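Taking it in order: structure first as structure tokens, then the write-up.
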Amino acid sequence: MRILITTLPFKAHAYPRVPLAWALRAAGHEVRVAASPDVVDDIADAGLTAVPIGEAFDAEALMAEIREREATGDVPDPEPLMKIDERRPERLTYDFMHGLFTVLTTVVFKNHAPVPATDDLVAFAREWRPDLVIWDPLGFGGAIAARACGAAHARLMYGLDVIGWMRERYLDAVRERPAPLREDPMEEWLTPWLERYGCAFGEDVVMGQWTIDPGPSWMRLPVDHLCVPMRHVSYNGRATVPGWLRAPPARRRVCLTLGLSHREVLGGNRVSMSDLLEAMADLDAEVVATLTADQLSGVRRVPDNVRVVDFVPLNELLPSCSAIVHQGGTGTMQTALAHGIPQVLLPGDLWDTMLKAERLEESGAGLCVWDIERFEARELRDMVGRILDDPFFTRAAAGLRTRMAGTPAPADVVPSLERLTAEHRARRG
């Protein structure tokens, strides 16, 4: 069958699609990956066929414009209004959730389904006629394209299903309102899009007909939706293992990384590089810090026990490590879990990061610095020292690795995707 995979214009979202795309191709299916020009080369480097759609996203220019407008007071900071990870029952009122979906639709969802890209995607889907469309949970253009060409379609999760979890509660609150007052910002936004291509709105355009979830089962949010569990398989992009990494470390090794999400999506990092490196200075360990020249530009000094590298494939680095310090991004956390590495998190409030951090700390496989705006180097140093010296954390991380290994690999879920797609075709006649 033909499978069309879509992604957001960021490597942090494109890379997790690669292992499943490989598995589908290895099973004999035709696979194409539709994306903006920002990540077309990255997709091609992975040995996949890329389909350019729309224009370059240019996240740096967009964030600069938003920051300038915030500074002049033209627009308020939208982040406090986008707390989709809110779990407190007393806060989950209709007014809160309605405001949340209004802001998310306006500030986030629309930006990831621009008119030129969606038109391109629909045109390609109608020309190529995929049997299945696999789309990013933030990229609703994939669902629109699937509807427009009649394909089966599913979300491939990136992180926790906070949209699905919040959406269920919001729709329950909407149904309790009088019929004339049952407004839904997402339906109001998506309906004209779908009518543009001769389709009607349905909840599958928000949630997919089913969900492929590579997240750990113990971290998953309870969402009443068909889920195909899949093991996380790391892909870090085009890479070469450096010579120094081929030799066993002379002492315990700690990885320090801030991942791609803040750099790509928000245009920066939320912690001081100098403070981070200062916290590593007195550790009885070799620290491998994956930091770019821009990130190091304001650093006062690099401690003697820190090796700075612009990039090293995390999947190849972590087996030599005893701990990892990172910002709580999905790809980094999943890779550390896959290798059974205890983690120290510096989570910000981007999307689901706090929820993931809470679940990790509850599991016993890591510790978290909860206030990254005010953390002290000593606090972080003590946390990393505990992780290195207390075998409890290593045992907990090893247990999670074992559980993760029991989840079906991408190749193992291909028959399920074939069956679900065949069932969709049969229903359509």
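The values are calculated or read from the model by the stated rules, or taken from the named source; none is laboratory data. None of these values were measured; they are calculated from a predicted model. Ideal geometry is used to build each Cβ from the backbone, glycine not excepted, and the neighbour counts take in all protein chains shown. In case anyone asks, the SASA skips ligands and DNA or RNA and just uses the protein heavy atoms, side chains included. Shrake-Rupley method; radii C 1.70, N 1.55, O 1.52, S 1.80 Å.
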Please determine, by comparing only the residues of the stretch 1-39 that are part of a helix (DSSP H, G or I) and more than 22 Å from Gly259 (Cβ to Cβ), which one is modelled with the lowest pLDDT. Pro37
Restricting the first residue to the stretch 386-399 and requiring it to be under 15 Å from Cys368 (Cα atoms), which pairs with a second residue that is open to solvent by 50 Å² or more (accessible area, probe 1.4 Å) meet a Cβ separation below 7 Å and a spacing of at least six or different chains? Leu388/Arg252
Quick one: how many residues across the stretch 141-156 are buried (at least 24 other Cβ atoms within 10 Å of the Cβ) and in contact with a Lys or Arg (Cβ under 9 Å, 6 or more places away or on another chain)? 8
Looking at the stretch 324-332, is at least one residue surrounded by fewer than 19 Cβ atoms within 10 Å (Cβ to Cβ), among the polar types (S, T, N, Q) and under 20 Å from His232 (Cα atoms)? no
For the condition at pLDDT 95 or above, in contact with a helix residue (DSSP H, G or I) (Cβ under 7 Å, 6 or more places away or on another chain), within 30 Å of Glu90 (Cα to Cα) and not β-branched (Val, Ile, Thr), what is the one hit in Met157, Met186, Met230? Met186
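Select from the stretch 293-306 the residues that are closer than 22 Å to Arg246 by Cα and loosely packed, with under 15 Cβ neighbours inside 10 Å and list them in ascending order. Spell out the reasoning first.
So in the stretch 293-306, the residues closer than 22 Å to Arg246 by Cα come out as 304-306.
Asp304 - this is the single residue of the stretch 293-306 that is closer than 22 Å to Arg246 by Cα and loosely packed, with under 15 Cβ neighbours inside 10 Å.
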Take residues that are touching a residue at least 40 places away in the same chain (Cβ under 8 Å) and within 20 Å of the chain's Cα centre (by Cα) and tell me which of the strands (runs of 3 or more DSSP E) falling wholly in the stretch 279-364 contain 1 or more. 323-326, 343-345
The stretch 332-389, residues that are charged (D, E, K, R) and farther than 22 Å from Met273 by Cα: Asp352, Lys356, Glu358, Arg359, Glu361, Glu362, Asp389
Based on this model, can you work out whether Gly202 counts as closer than 30 Å to His232 by Cβ, at pLDDT below 95 and of a type outside the set (Ser, Thr, Tyr)? no
May I ask you to list the residues in the stretch 340-355 that are surrounded by fewer than 21 Cβ atoms within 10 Å (Cβ to Cβ) and modelled with pLDDT of 95 or more? Gly340
For the stretch 207-223, which positions are over 24 Å from Ala422 (Cβ atoms) and either in contact with a Phe, Trp or Tyr (Cβ under 8 Å, 6 or more places away or on another chain) or of a type outside the set (A, V, I, L, M) (or both)? Gly215, Pro216, Ser217, Trp218, Arg220, Leu221, Pro222, Val223
Here are Leu156, Leu138, Leu121: which of them is touching a His at 6+ places or on another chain (Cβ under 8 Å), touching a residue at least 24 places away in the same chain (Cβ under 8 Å) and under 29 Å from Met1 (Cα atoms)? Leu138
So, of the residues in the stretch 272-288 that are over 18 Å from Pro347 (Cβ atoms) and in contact with a helix residue (DSSP H, G or I) (Cβ under 7 Å, 6 or more places away or on another chain), which turns out to be surrounded by the fewest Cβ atoms within 10 Å (Cβ to Cβ)? Asp282
Every residue from the stretch 365-385 that is free of Cβ contacts under 8 Å to residues at least 60 places away in the same chain and of a type in the set (Phe, Trp, Tyr): Trp370
Can you confirm whether the stretch 375-393 contains a residue that is of a type outside the set (Val, Ile, Thr) and within 20 Å of Arg231 (Cβ to Cβ)? no
Restricting attention to the stretch 126-179, the residues that are of a type in the set (D, E, K, R), in contact with a strand residue (DSSP E or B) (Cβ under 9 Å, 6 or more places away or on another chain) and more than 25 Å from Arg231 (Cα to Cα) number exactly 2
Looking at Ala44 and the list (1) over 20 Å from the mean Cα position of the chain (by Cα); (2) touching a residue at least 40 places away in the same chain (Cβ under 8 Å), which single condition is not satisfied? (2)
Across the stretch 17-36, the tally of residues that are open to solvent by 40 Å² or more (accessible area, probe 1.4 Å) and either touching a residue at least 24 places away in the same chain (Cβ under 8 Å) or closer than 20 Å to Leu314 by Cα (or both) stands at 5
